[in-house]
Amino acid sequence: MIALILAAAVSSPAPATPPPPVGIVASPCATPLPLSMDWGQVCTFAAANAALPPATRHRVIFFGDSITELWIQRDPAFFQNDLLDRGISGQTTSQMLVRFREDVIDLHPAVVQILAGTNDIAGNTGPTSLAQIQSNIETMSELAKAHGITVMLASIPPSVKYFWRPSVDPRPSIAATNAWLKTYAKRNGFIYADYYAVLSDGNGGYKAGYSGDDVHPSVAGFAAMRPIAARAVKEALKAAR
């Protein structure tokens, strides 16, 4: 009898996972979606966004990729007093633009920091150009400005190599993008947070101890970034009033 029960249990198929919804549905993010169906990953923060209280007058959103996503993990004490982290690992500026309304505009912040571009340079979503990176950042900045959100543009941190894309030398593209970001911010009256300057060893890489993988800041790296971020946020909130 026991053998028959065990045999039946082994032969019973596992419950089928329901397929993701298609078409127009009431709650698109109610079921986990593959990246092919949520390319901008709009659903990642959907539940967290819905649970937020009304925005304070000093709400700030740090919007970005894995560098921003890791920031709250490695320096959680910094994200207090309605400073929110909306970083998603691996994202390019094209993907970030897709979710900019849900993760920034609809949350009604006073300030948004945009830290992006390194994954574009790595080619995470295919070939691109510096002009396309600039176009996406311009569009996000213009959307923020149109909705009364003060813009902070952050320099891309240094990197001499991408561990997942070793054939790419990111240094010249990072340098060119950062030069453009600084000029664009000044021309439009945006705040510029220059993290690259405090993290760089002068040769396109991180100072010793500031990164464990040549891409993402370590705890010490984020500690070095924190005063720059705090000053930029203070300046941006003052401009937002």
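Numbers below:
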read-out	value
Unique residue being touching a residue at least 24 places away in the same chain (Cβ under 8 Å) and either touching a strand residue (DSSP E or B) at 6+ places or on another chain (Cβ under 6 Å) or among the acidic types (Asp, Glu) (or both) when the list is LEU130, LEU83	LEU83
Which numbered condition LEU70 fails, given (1) within 16 Å of PHE190 (Cα to Cα); (2) in contact with a His (Cβ under 6 Å, 6 or more places away or on another chain)	(1)
Total residues in the stretch 36-51, condition touching a residue at least 60 places away in the same chain (Cβ under 8 Å) and either touching a Gly at 6+ places or on another chain (Cβ under 6 Å) or among the small types (Gly, Ala, Ser) (or both)	0
Search result, residues across the stretch 225-241 that are surrounded by fewer than 20 Cβ atoms within 10 Å (Cβ to Cβ) and closer than 19 Å to ASP65 by Cβ	ARG226, ILE228
Within the stretch 154-241, helices (runs of 4 or more DSSP H) holding 1 or more residues that are over 20 Å from LEU130 (Cβ atoms) and free of Cβ contacts under 8 Å to residues at least 12 places away in the same chain	219-240
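Table: residues versus (1) surrounded by 17 or more Cβ atoms within 10 Å (Cβ to Cβ); (2) in a helix (DSSP H, G or I); (3) among the acidic types (Asp, Glu).
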site: PHE63; (1), (2), (3): yes, no, no
site: ASN81; (1), (2), (3): no, no, no
site: LEU84; (1), (2), (3): yes, no, no
site: GLN91; (1), (2), (3): yes, no, no
site: SER94; (1), (2), (3): yes, yes, no
site: PRO109; (1), (2), (3): yes, no, no
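Here, each number is a calculation from the coordinates, and none is a lab measurement. Small disclaimer: the values here were computed from a predicted structure and weren't measured. Using ideal geometry, Cβ is built from the backbone for each residue, glycine included, and neighbour counts are taken over all protein chains shown.
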